[in-house]
Amino acid sequence: MIERFKTIFHKPDEVFVLGEKEIEDLIFEAGRIIRAEKNLITLKDGKVIFVGDTHGDLDATRNVISKYLNFKNKVVFLGDYVDRGPNSMENINFLLISKILYPKNLLLLQGNHEGRGIIKFYPANFWEGLSGRLYSLYSSLLSKLPLAAITKNGIIALHGALPDVFRVEEINEIEVGSDLWREITWGDFREREGKFLGDDPFTRRPQFGRGYFQEIMDGLGMNVLIRSHQPDAAGKMYGGRCLTIFTSHAYLQRRTIAISDLKKEVRTVEDLEVLEV
Ligand SMILES: [Mn+2]
């Protein structure tokens, strides 16, 4: 089976012809790795490449993986692999195959679009197109993805907003479906003063301001947050300590990633390499 996954990895168009049985095998194999991971991933050395929402943009994922995924780098995807874009199924399957081949070097964090089994949302074209069996296999697997990554040079990376915790270890205790989980996977940041600003009346997303950002980042001892999820957010917020990136043509013409060499101190976004793919 690993040989079959290697073939698909090197001839990525094969990902378009995976049968349902092969997809079940893929979900099972990837699940063995993902279920053993903690909510919080700690990265200690090397170069880390952060990738925003890909949302069915298989081309973006292939570009990043062919260029950066190897046994030295760490590549951290910030969630939202499915829905909106044209190739959700191929995108998530190619990522799961890559995860099986590079389990320590590819980290797939959880976005709100991976939690369809917990909170319903629209658009959900990927989820709505699945058979009942695949719906339950994908939703069970994807809701087990880790929630955050931290680096030894002061970066925390996650999908939406910071959880209301003061020690990074507390992230390991967060349960799927809880308020803290909803802050991470659904939360927005606003360039406004204040802490909790209420749920958005239309999207139901929890909104947070500068005071909340500073309080949680100081408590966690982190310098810079790298996140995705919120296309209307400014790229840089809060004095350059909060970077929002997207890596999908489903939202924007520009597909952006951020790179940090963990040997280098990071105090603001200016200390990262931010580029297009
Ligand atoms: Mn999102």
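All of the numbers you see were taken from the coordinates with simple rules; none came from a lab. Worth saying up front: this structure is predicted, and the values here are computed from it rather than measured. We place every Cβ from the backbone using ideal geometry, glycine too, and count neighbours over all the protein chains shown.
Per-peptide packing, taken as the mean over residues of other Cβ atoms within 10 Å, places 62-70, 80-88 in the sequence 80-88, 62-70 from highest down. Among LEU96, LEU197, the order by Cβ neighbours within 10 angstrom, fewest to most, reads LEU197, LEU96. With both bridge residues required to lie in the chain, what share of the DSSP beta bridges run antiparallel, to the nearest 5%? So the antiparallel bridges amount to about 45 percent of the total.
For the pair SER140 and LYS38 in one chain, pulling the backbone fully straight at 0.36 nm per residue adds 35.1 nm over the alpha carbon distance. Full extension of the chain segment joining GLU22 with ASP232 gains 71.8 nm, where the gain is 0.36 nm per residue of separation less the Cα-Cα distance.
Just to be sure I follow: if Rg is taken over the C-alpha atoms of segment 167-277 and Rh is the Kirkwood radius over the same atoms, what is Rg/Rh?
Answer for segment 167-277: 0.96.
Less than 5 angstrom separates the built amide H of PHE189 from those of PHE208, all sequence-distant by 5 or more or on a different chain.
Taking a ≥ b ≥ c as the square roots of the eigenvalues of the Cα gyration tensor of segment 38-119, is the shape rounded (a/c under 1.5), prolate (a/b larger than b/c) or oblate? Since a/c reaches 1.5 but b/c is at least a/b, the shape of segment 38-119 is classed as oblate. The charge dipole of the chain, taken about its Cα centre with unit charges on the Cβ atoms of Lys, Arg (+1), Asp and Glu (-1) only, comes to about 560 debye.
For segment 76-201, the tally of Lys pairs with Cα-Cα distances below 18 Å comes to 4, considering only residues 8 or more apart or on different chains. Taking GLY117, GLY194, GLY160 in turn, the Gaussian network model of the chain (Cα-Cα springs below 10 Å) assigns the largest fluctuation to GLY194. Using the Cβ of ASP80 as centre and a radius below 10 Å, the other residues enclosed give a net charge of -2, where K and R count +1 and D and E count -1. Based on Cα contacts under 8 Å between residues 6+ apart, the chain shows a relative contact order of 21 percent. The GNM of the chain, with springs linking C-alpha atoms under 10 angstrom apart, assigns the highest mean-square fluctuation among GLY79, GLY154, GLY219 to GLY219.
Explain nothing, just the number: relative contact order of segment 33-158, from Cα pairs under 8 Å at least 6 residues apart, as a whole percent. Before the final figure, lay out the partial values.
Details: 211 pairs, mean separation 40.8, N = 126.
Computed over segment 33-158, the figure is 32 percent.
Net charge in the neighbourhood of ILE174 (other residues with Cβ under 13 Å of its Cβ; Lys, Arg +1, Asp, Glu -1) is -3. The order of LEU220, LEU225, LEU158, going from fewest to most other C-beta atoms within 10 Å of their C-beta, is LEU220, LEU225, LEU158.
Computing FRET efficiency as 1/(1 + (r/R0)^6) for ASP200 and PHE166, where r is the C-beta to C-beta distance and R0 is 25 Å, gives about 0.50. Built from the Cα atoms of segment 2-276, the convex hull projects on average onto 12.9 nm², one quarter of its surface area.
In this calculation the C-beta distance from SER66 to GLU175 is compared with R0 = 41 Å, giving a FRET efficiency of 0.70. Listed by Cβ neighbour count within 10 Å, with the fewest neighbours leading, SER178, SER139 appear as SER178, SER139. Under a 5 Å amide H cut-off, with hydrogens placed 1.01 Å from N, ARG84 pairs with ASN125, PHE126 among residues at least 5 apart or on other chains.
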